[in-house]
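Below is one structure, written out as structure tokens; comments come after it.
The values are calculated or read from the model by the stated rules, or taken from the named source; none is laboratory data. Bear in mind the structure is a predicted one, so any value in this text is a computation, not a measurement. Positions of Cβ are backbone-derived with ideal geometry, glycine not excepted, and every protein chain shown enters the neighbour counts.
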Amino acid sequence: MRAMAKRTRKSKAAVKSKPAPKSKRELRSKAKSKAKPEAATAKTPATDPKAAEAKTPDAKPAKPTTTISAVEMGARQREISVSEFFTKNRHLLGFDNPRKALLTCVKEAVDNALDAAEEAGILPDVLVNVEVAVADGAPPPPPSQATRFRVTVIDNGPGIVRQQIPPIFAKLLYGSKFHRLRMSRGQQGIGISAAGMYAQLTTGKPVQIISRTGARAAAHYFEVQIDTKKNEPRIVENKKIDWEHQRGTQVALEIDGRYQKGRASVDEYLEQVAIANPHVQLVYRTPEAETREYPRTIQELPPQPKEIKPHPYGIEFGILLRMLHDTRSRTLAGFLAADFSRVSSAVAQQICGTAKLSPNAKPRNVHGVDAEALYKAIQSTKIMAPPSNCISPIGEKAILHGLYKQIKGDFYTAVTRPPAVYRGNPFIIEAGLAFGRGPDQAAQTPEAPAVPLAEGEQQDDDNELARVIRYANRVPLLYQQSACATFKSVLETTWRNYGVVQSRGALPAGPMVVFVHMASVWVPFTSESKEAIADYDEIRKEIRLALQECGRRLGVFLRKRERAKGEFRRRNIFELYIEEVVEACARLKGGKFPKEKLKNQLQKIALKRTGGAKTDEILGHESGPEGLPHSIIVTPEGTEGEAPVPPGAEPSNGGPPEEPTPTKETTKAAKRKSKPSKRKKR
Amino acid sequence: MAKPTAKKPTPVEKKLVSVADTVISAAGRSRDPALSIPVRSLANINFNEKRGIIEMGRRKQERTLFNVGMAKKFMQTVLVADALAELQRANLTTSLREIYYRTKHTMKDSHENTFDAQNESDPLIEDLEVTLTALREELHVRAENAGSIVGPVVLTDDGDRVDCARLGKGGYSVPSIVEPEFIQIRRCTADFVLLVEKGTQWNRLSEDKFWRRYNCVLLTGNGQPPRGVRRLARRLHEEHGLPVYVLVDNDPWGYYIYSVVKQGSINLAFESERMAIPKAKFIGLSSADPDTYGLPRNVGIKLNDKDVSRAKELINYRWFQKKPWQEEIKRMLATGLKYELDALANKDFRYLSKTYLPKKLKERDWLD
């Protein structure tokens, strides 16, 4: 018992020990030397009582040096600041390795920029600049070798008022989003300050911020650091400067990191941001000084999500206790009706009745057994599902545009499910799908050099597996794919039913990108670093239904295309085989053999047997979206469906070749544009 | 003997060229070129009880060029015919595998190979054998030498005199083509032929000079005997009047090997005429032997599901309908055990040659 109590105290002391390394070392050495005699005494009585006796006098003289009194320990026990805790546990926030750290910094800054701009009703314009930084004037190493980077993110958001800049960027758990139930990218107010803390930890450089709230306001330049002991900002530099932007915020961080392309890279992250946020204009300058532009394809902001009160089903017992304590209502029934969503006074009365509590009881006096009864009563009462206007889905059109813009393909589709509820939290699942390689690439592939295939070899095409891109509240999730409910749902969907190859327990094969988005006031992540969505049955079911709908549409598209291609291919193989047969016959017969004549005769038969001219017709024209809702079909001739129209100013970037591009796009215009094209192909 | 002059096409070559004629004449009449190929399956065989052999039925399948399912096969068939004709003209023999390589190439302007694996070309050769009623040997295709013979027989192979009594323990390896134009039986003084399923047992008997003591020819095919072995046994039986005894494991596969030697196989039913030995006898291992010879139960092997279902198939074959055979198979199913020939070594290493076979022969204890 005593030993256990000591141990817990010990571990507490270990947590806080960073600023006092001396004491930590002491503690450890003491703990070690102390543990030995303890263990010895604990063991020996059972085996050899004499030895124990012999040992105890031995241990006694050591006592004054190895053990500490409660007073001494008490002197070392003190509060641990959040910043200290996260300095030591930075992996919890996504800073476990240099590569991921770079990504996390970009991600936090971009998420903040987008959240701020959207909340202020501004169409976000974001510039991300990642460059190699050097410590001391040395020539910069190539990006793939560099270990130090400078990340700058500039947005056109509302800006931040002067007083709030230091705490926002240099105080953990400071923010606007934690205390309300509303869908947003960030939640806790940790992200950007943690990134700043990481910068401070690895390069010692403060976070540099420029912010301006409007054309008439001055731009403020700040350099801030975190005082990790107090979790308070420390202002290194503060001045007014001239800034070329009228409004917005710029954050610059210098960190240790690694830049790698490919999976889970900064590049991939920003590409996926662009897919799920087609209303964002994003410019990315890579460390290799390449500029990538992701133009805006939707000219309207997603609807503002409403803030809601918690739904009674979704709260934990502890939270209920706190709410009971904090409420301003005077009666229990009033509290229930006022502080929860979907609880009418009738429902409140009913809950009180079930819990056998007076509806007029003072909420503060409800605790202990009563509170438990109340909690149970809430769970057993039938309450309407929470309102879903607190969530703003991306929308089918926007997903389509995002996919169309970023991914080359022949077929796109998107599905937004109606709202559903898990544990009292409303959520919406959206799924999208891009299939194919796009007409230009498809045209290139057959021209690849024909290498004869050896026995056991196969065409490479079949090996490619689908790519799953996952989002939670519009934020791409790049790590821990296989732990994620979305990924599992993609696996458990029977893609074979829709004409896609899929081996057992694997992703579907083929040139395909599967998009899954979960929007919710509270996305259940499996860990604090927000990498995978937890596996609730309700969530899994919604994802599956959305994927199945996408799959069905893909199936219709594929079957149709296959039918036309089948005819075409049939004639093709006949042509191939005819050649072989003619050659073999010529060799068999020997001598002067009229090869051409036989070939022509056979080809004529082939044409007659396979529908001939009709096939060409099918292949050429008849490929409309076939009554498929929210889908785009791309053929060499053009694009059909709800394809986005690129904004006028920009030169069309992979957009549909037909249709003139108007200068200023409004939502109505966009709608008008897509409708006639839909009608045309029917 | 049968060395055709290079100029004159052999009858077989003419038959092969007729495949090309089929295509040409069909094309001339704007018809879909078609080869009609006899069906080689259980559904298309008859057991001729009078002659005691399996015969192929009359069912044929049309293989046409302009049918998506058959187009490739048709093309491949023509290619194989072409390769076989080439062999005829050059007067060479070759293996199945070489035919596969000879005919394999990537088709013009495509990623597709004419053949992807040997198992695509092998059945086509059998198809052509049946269609053109030419034997594989006549097509100059040989299989691996997968059999051995030892005993008082003198053969001539390529002009070389082969005395099978003077070839030590190893004996003479039976070529896959043993037609009279290639192999001649000069002399044979044996009293009977013993065809053994397994090489190990054949080695045992050869080592013990069993053939000398009992004046017989020892043959093995290492499992399912290849055509050469079957054909040689048949020739010894036919030309020199030797009875043929078959010694196989006591399991459904052993029974089937015996039935193939005796009545012919389902897949190569068209060869029965030439290969089958309707008077062959099943000398062992019978399911009654463990009792008779006191083999302990623990040297048996439990029949697995495949064995059981195969045995049940055999029971229904028309050529296993004789009463002793029904009893034989049912007895095996009843005990649920199978026995390998090797199990006889449990009694003694030489039990097979010293006790088992002598007793069997003396008592004429065999099944027909």
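Some notes on this structure:
- Any chance B:SER259 is touching a Lys or Arg at 6+ places or on another chain (Cβ under 7 Å) and either within 23 Å of B:GLU271 (Cα to Cα) or not in a loop (DSSP other than H, G, I, E, B) (or both): no
- One residue from B:THR106, B:THR131 being without any contact (Cβ under 8 Å) to a residue 24 or more places away in the chain and either more than 20 Å from B:PHE74 (Cβ to Cβ) or outside the structural domain of B:SER265 (by TED's automatic domain parsing) (or both): B:THR106
- Answer residue from segment A:490-548, given it is polar (S, T, N, Q) and surrounded by fewer than 17 Cβ atoms within 10 Å (Cβ to Cβ) and is farthest from A:ASN89 (Cα to Cα) among those: A:ASN497
- Against the criterion of being within 8 Å of another protein chain (Cβ to nearest Cβ), surrounded by 14 or more Cβ atoms within 10 Å (Cβ to Cβ), in contact with a helix residue (DSSP H, G or I) (Cβ under 9 Å, 6 or more places away or on another chain) and assigned to a helix (DSSP H, G or I), B:VAL17 qualifies.
- Residue list for segment B:41-81, filter: assigned to a helix (DSSP H, G or I), within 14 Å of chain A (Cβ to nearest Cβ) and either free of Cβ contacts under 8 Å to residues at least 40 places away in the same chain or among the hydrophobic types (A, V, I, L, M, F, W, C) (or both): B:ALA71, B:LYS72, B:PHE74, B:MET75, B:VAL78, B:LEU79, B:VAL80, B:ALA81
Condition check ((1) over 25 Å from A:ILE578 (Cβ atoms); (2) not in a loop (DSSP other than H, G, I, E, B)) across all residues:
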position: B:LEU92; (1), (2): yes, no
position: B:GLU98; (1), (2): yes, yes
position: B:PHE115; (1), (2): no, no
position: B:GLU120; (1), (2): no, yes
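- Contacts under 6 angstrom Cβ, first residue in segment B:344-368 being over 22 Å from B:VAL261 (Cα atoms), partner of a type in the set (Ser, Thr, Tyr), 6 or more apart: B:LEU344/B:TYR351; B:LEU344/B:TYR356
- Verdict on A:PRO124 being touching a residue at least 24 places away in the same chain (Cβ under 8 Å), on the phi < 0 side of the Ramachandran plot and surrounded by fewer than 20 Cβ atoms within 10 Å (Cβ to Cβ): no
- Qualifying positions in segment B:136-149 - touching an Asp or Glu at 6+ places or on another chain (Cβ under 9 Å) and either facing chain A (nearest Cβ under 8 Å) or surrounded by fewer than 19 Cβ atoms within 10 Å (Cβ to Cβ) (or both): none
- Complete set of residues in segment A:376-394 that are out of contact with any Lys or Arg (no Cβ under 6 Å at 6 or more places or on another chain), surrounded by fewer than 20 Cβ atoms within 10 Å (Cβ to Cβ) and either part of a helix (DSSP H, G or I) or not β-branched (Val, Ile, Thr) (or both): A:LYS376, A:ALA377, A:GLN379, A:SER380, A:LYS382, A:ALA385, A:PRO387
- Neighbours by Cβ (under 9 Å, 6+ apart or cross-chain): first from segment A:571-591, at the interface with chain B (Cβ under 7 Å from one of its Cβ atoms); second aromatic (Phe, Trp, Tyr) and surrounded by fewer than 18 Cβ atoms within 10 Å (Cβ to Cβ): A:CYS585/A:PHE593; A:ARG587/A:PHE593
- Test: residue in segment B:143-166 that is within 30 Å of B:SER18 (Cα to Cα) and at pLDDT below 90: yes
- Considering (1) more than 9 Å from every other protein chain (Cβ to nearest Cβ); (2) part of a loop (DSSP other than H, G, I, E, B), the lone condition that B:SER36 does not fulfil carries the number (2).
- In the set (1) surrounded by 22 or more Cβ atoms within 10 Å (Cβ to Cβ); (2) among the polar types (S, T, N, Q); (3) at pLDDT below 85, A:THR486 fails one condition alone, (3).
- Criterion violated by B:VAL299 - all others in (1) farther than 19 Å from B:LYS281 by Cα; (2) free of Cβ contacts under 8 Å to residues at least 12 places away in the same chain satisfied: (2)
- Selection status of A:GLU254, of a type outside the set (Val, Ile, Thr), in a strand (DSSP E or B) and surrounded by 15 or more Cβ atoms within 10 Å (Cβ to Cβ): yes
- Residues that are in contact with a strand residue (DSSP E or B) (Cβ under 6 Å, 6 or more places away or on another chain) and within 13 Å of chain A (Cβ to nearest Cβ) were ranked within segment B:105-133; the one that is farthest from A:ALA586 (Cα to Cα) is B:ASN113.
- Candidate set from segment A:340-352 (those that are surrounded by fewer than 20 Cβ atoms within 10 Å (Cβ to Cβ) and either touching a His at 6+ places or on another chain (Cβ under 9 Å) or in contact (Cβ under 8 Å) with a residue 12 or more places away in the chain (or both)); member that is nearest to A:ARG322 (Cα to Cα): A:SER341
- The residue of segment B:83-101 that is surrounded by the most Cβ atoms within 10 Å (Cβ to Cβ), among those that are touching a residue at least 60 places away in the same chain (Cβ under 8 Å) and within 13 Å of chain A (Cβ to nearest Cβ), is B:LEU84.
- The residues on offer are B:LEU139, B:LEU218, B:LEU135, and the sole one that is out of contact with any Lys or Arg (no Cβ under 9 Å at 6 or more places or on another chain) and within 24 Å of B:LYS262 (Cα to Cα) is B:LEU218.
- Qualifying positions in segment A:206-217 - modelled with pLDDT of 90 or more and either of a type outside the set (A, V, I, L, M, F, W, C) or within 17 Å of A:PRO158 (Cα to Cα) (or both): A:PRO206, A:GLN208, A:ILE209, A:ILE210, A:SER211, A:ARG212, A:THR213
- Filter result for A:ASP267 (within 19 Å of the chain's Cα centre (by Cα) and among the charged types (D, E, K, R)): yes
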